[in-house]
Structure formats: C-alpha cells, structure tokens
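The values are calculated or read from the model by the stated rules, or taken from the named source; none is laboratory data. Since we're looking at a predicted model, the values are computed, not measured. Methodologically, a virtual Cβ is constructed for each residue, glycine included, from the backbone with ideal geometry; neighbour enumeration extends over all protein chains shown.
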C-alpha cells in the first residue's frame, strides 16, 4: 500500500504540472491516478479480497450496480467534467470537478465493489 501511495503522490504532482501547462498527458495521468485510487480502495477491504480468493462470493446486486456507476463516473477526468458543464454547477456535478474529490470517490468505489461482492446479509 505504501508503494501505491508513493505512486499516487508522484502522479498527483505530475498531474498538477500537466494542468498548469494544459498538456495532453493530464488525461493519461488522471486515468492512472483513478486506477491507483481504485486499487487502494480495494486493498483497504483486504478481508473481502481474502473471501473472494476463497471463492466466498455473495453479491449484493443493487450495491454492485451503484459501485459500478460510481466507478464509471469517477474515472472521468475532472477536466472533462469542466468542459461538459463549465460555470455554476449543481452539487452532483461539482463533486467531480476537483481531482482530489474525484480521487476520494474512486477510492470509495473500490471499497464498494469489494463490499458488494462479499455482502453479508446477516448484519
């Protein structure tokens, strides 16, 4: 996990530099940052990964659908959200406009994917 955090830190610095220069690499860096956040979120749920490796899959389809939708929306770079909506935005759009918030949502989506696949209905 420390290696992922290291890569996230260096990618974030490079991403901020690409934003300042308006470089095309910001899209690649944004996708990579989202991927690292998703992997970090799944590793937070290490017990769930252990259950999945033991083939103890008990999906919650509604939670899985929400997790997949959140994953899809959080992988869209914040620059694209800004181009699509610009100006004054409602909250549900505004939360995707900053890379930091986008990263938090990507980590959350990784956690939700694992939890939705190892859902315990007895709790």
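If you go through region 1-15 and pick out every residue that is in contact (Cβ under 8 Å) with a residue 24 or more places away in the chain and either more than 20 Å from residue 40 (Cα to Cα) or surrounded by 13 or more Cβ atoms within 10 Å (Cβ to Cβ) (or both), you end up with 6. Taken over region 81-122, the criterion of being modelled with pLDDT of 80 or more and under 19 Å from residue 30 (Cα atoms) is satisfied by 100, 101, 102, 103, 104, 105, 106, 107, 108, 109, 110.
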